[in-house]
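The values are calculated or read from the model by the stated rules, or taken from the named source; none is laboratory data. This one's a predicted model, so the numbers in the text were calculated from it and none came from an experiment. Using ideal geometry, Cβ is built from the backbone for each residue, glycine included, and neighbour counts are taken over all protein chains shown.
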Amino acid sequence: MAESPMRVGIIGAGWIAEKCAITLNGLEGIDCYAIASRSQKKADAFAQKWGVQKAYGSYSELIHDKQVNLVYVATPHSHHYEVTRQAILEGKPCLVEKAFMANHRQSQDIVQLARERHVFIAEAIWTRYQPAVQIIRQLIADNRIGTPRLITATLGYSMGDKPRIMRPDLCGGALLDLGVYAINFVRMFCDSAIENIESQCVKSDTGMDLSNAISLRLANGALANVQSSACCVGDNIGVIAGTDGNLIIDNINNPQNIRVSTHDRVFVEDIPVPQQITGYEYQFISCKEALAQGLLEPIQMPLEETLYIMQLMDELRAKWGVVYPYD
Ligand SMILES: NC(=O)c1ccc[n+]([C@@H]2O[C@H](COP(=O)([O-])OP(=O)(O)OC[C@H]3O[C@@H](n4cnc5c(N)ncnc54)[C@H](OP(=O)(O)O)[C@@H]3O)[C@@H](O)[C@H]2O)c1
C-alpha cells in the first residue's frame, strides 16, 4: 500500500509561504494541502495559484482541520507565538519559521507546552536541514583545513522599508531576520561554548537594528565575526579558516558551493551541493521523518539549540536597546 502523504497547512500567505508552496509542489509524499490567511480572498487566490486543496480565511480554521498533519507557521515573528500555541493546544505538529519566537521567554513557553502535550515542534531555519551541513562537518572532521580558528559570515539584503523589518510590533531588525543565520553558521560548524561577545549595531528611526556586527570568542580558541544587514547587498559568504586551509561557503543562506583551499591558500576543489528544488524541501522532509519515528523535535535542529540562540539574540538586543512590545 502506498504511504500516505504528509499534509502541510501553511499559515500566512506571504513571501515565504509562496516559496514553500513551490517547494512542496515539487516534492513526493508531502502535500501542500491547505493555506490560511486573515483574508479569505487572499487564501483563495493563493490556493488557486499554487493548486492548494483547502483555503481558509482564518488561521484557526486551518488549525482545526483534522487532515492537516503539519502546521507551517509563516507569519512575522511577532505572530509566531499565538498561532503556534493554538496549534499545539490542538495537538498539531508545527514547523515554525525563524526566528522561532519574538524572544526567549516566548520560546521557552512554547517548547514547554509542546513537551507537556507531546507535540512535535521545529524551527524552520532551513540552513540547518540542508545537505551542505554534513558536507562541511565531514570536511572539518577529515582534517582538511586543520583546526578551525576564525569563522566569518555575512548576510545582507537590501530590504527597503519592509514593515516586517522596520516595525517593533512585528519584531523587526536584521538580527532576527538575517543575523540568526550567521549565528547558526557559527554554531553548526564550531561546537564550542561562547565565552565572550562584543557587538554593535546601527538602528533605524523606528529603533530596529538595520546592520549589526557581532564578535564571539569561543572556548576552543576560535574567534567568530558575523554581521548582518537589512539595508545592503551582502556577499553572504561564510569562511571557516583553519590552521591548514580554509572553506569558503557561498552562500550561508543557501549554500551552493564549498571551496576548499589548503595551506598558502592553494585551491583544491569546489564541492557543489546536490541539486535542489529550492533548498526549503529538507526541513519538510526532516519533519516527515521525525514524525514517522515518533520524535518530538527534529534531529538537525534540537529545541535546546533554538532556545540557546533565542537567548543569545535577547542579550544582543538588550545591549543595543532594540525592544519589542513582547519583551
Ligand atoms: N526561510 C527563509 O528563507 C525566509 C525568508 C523570508 C522570511 N522568512 C520568515 O518567514 C516569516 C514570514 O516572512 P515573509 O517574508 O513571508 O513575510 P510577509 O511576506 O510579510 O508575509 C507574512 C504573512 O504573515 C501574515 N500576517 C499575520 N499577521 C500579520 C501582520 N500583523 N502583519 C503582516 N503580516 C501578517 C500575512 O498573511 P495573511 O495576510 O495571509 O494572513 C503575511 O502575508 C518570518 O518569520 C520570516 O523571518 C524566512
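Structure values in brief
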item: Answer residue from segment 1-12, given it is within 15 Å of Cys287 (Cα to Cα) and among the small types (Gly, Ala, Ser) and is farthest from the ligand (Cβ to nearest atom) among those; result: Ser4
item: Qualifying residue in segment 136-145 (condition: among the β-branched types (Val, Ile, Thr), outside the structural domain of Val83 (by TED's automatic domain parsing), at pLDDT 95 or above and part of a helix (DSSP H, G or I)); result: yes
item: Residue that is farthest from Ser229 (Cα to Cα), among those in segment 162-179 that are part of a helix (DSSP H, G or I) and more than 8 Å from the ligand (Cβ to nearest atom); result: Pro168
item: Test set (1) buried (at least 17 other Cβ atoms within 10 Å of the Cβ); (2) more than 8 Å from the ligand (Cβ to nearest atom); (3) within 22 Å of Glu281 (Cα to Cα) - Gln53 fails condition number; result: (1)
item: Selection within segment 16-39 - in contact with a Ser or Thr (Cβ under 8 Å, 6 or more places away or on another chain) and farther than 23 Å from Glu289 by Cβ; result: Ala36, Arg38
item: Options Gln311, Gln283, Gln300: the member that is in a loop (DSSP other than H, G, I, E, B) and out of contact with any Pro (no Cβ under 7 Å at 6 or more places or on another chain); result: Gln300
item: Scope segment 13-50; condition within 11 Å of the ligand (Cβ to nearest atom), assigned to a loop (DSSP other than H, G, I, E, B) and small (Gly, Ala, Ser); matching residues; result: Ala13, Gly14, Ser37, Ser39
item: Single residue of segment 189-202 satisfying the filter (in contact (Cβ under 8 Å) with a residue 60 or more places away in the chain and surrounded by fewer than 16 Cβ atoms within 10 Å (Cβ to Cβ)) that is farthest from Val133 (Cα to Cα); result: Gln200
item: Pairs, first in contact (Cβ under 8 Å) with a residue 40 or more places away in the chain in segment 4-15, second in a helix (DSSP H, G or I) and more than 15 Å from the ligand (Cβ to nearest atom), C-beta under 8 Å, six or more apart; result: Met6/Lys288; Met6/Leu291
item: Among the candidates Ile183, Ile165, Ile197, Ile136, residue that is farther than 24 Å from Glu97 by Cβ and of a type in the set (A, V, I, L, M, F, W, C); result: Ile197
item: Check on Val186, touching a Leu at 6+ places or on another chain (Cβ under 8 Å), surrounded by fewer than 19 Cβ atoms within 10 Å (Cβ to Cβ) and closer than 26 Å to Asp327 by Cβ; result: no
item: Of all residues in segment 124-172 being within 30 Å of Arg265 (Cα to Cα) and charged (D, E, K, R), the one that is surrounded by the most Cβ atoms within 10 Å (Cβ to Cβ); result: Arg128
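Yes/no matrix, rows are residues, columns are (1) assigned to a loop (DSSP other than H, G, I, E, B); (2) within 13 Å of the ligand (Cβ to nearest atom); (3) in contact with a strand residue (DSSP E or B) (Cβ under 8 Å, 6 or more places away or on another chain); (4) not assigned by TED's automatic domain parsing to the domain that holds Ala36:
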site: Val68; (1), (2), (3), (4): yes, no, yes, no
site: Thr75; (1), (2), (3), (4): yes, yes, yes, no
site: Tyr81; (1), (2), (3), (4): no, yes, no, no
site: Thr84; (1), (2), (3), (4): no, yes, yes, no
site: Ile88; (1), (2), (3), (4): no, no, yes, no
site: Lys92; (1), (2), (3), (4): yes, no, yes, no
site: Gln112; (1), (2), (3), (4): no, no, no, no
site: Glu116; (1), (2), (3), (4): no, no, no, no
